[in-house]
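One structure is given below, encoded as structure tokens.
Each value in this text was obtained by applying a stated rule to the coordinates, not by laboratory testing. Quantities reported herein were computed from a predicted structural model and do not represent experimental measurements. Note that we place each Cβ from the backbone using ideal geometry, even for glycine, and neighbour counts take in every protein chain shown.
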Amino acid sequence: MEKPKIEHRPPDKVDVMKVIKIQSLRGNGTKDNPVREIYQYFDMSGEFIFEIDTINYL
């Protein structure tokens, strides 16, 4: 069986930026709301950018 060819294209643009990363706990320990880590990212002006909630990785 022939392996499919994977096309690779280099990125169009890459930026290096400073951000504020906050790591904290969320949840109350129940089955529906387990305690887990979250990561929140803010720009250097304090504006919220995005959040990673590790509930999907439990």
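Per-structure values
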| read-out | value |
| --- | --- |
| Residue selected from the stretch 1-40 under the condition among the hydrophobic types (A, V, I, L, M, F, W, C) and exposed (fewer than 10 other Cβ atoms within 10 Å of the Cβ), by the criterion nearest to Y57 (Cα to Cα) | L25 |
| Subset of the stretch 1-28 [in a loop (DSSP other than H, G, I, E, B), under 26 Å from F48 (Cα atoms) and of a type outside the set (V, I, T)] | P11, D12, K13, D15, M17, K18, G27, N28 |
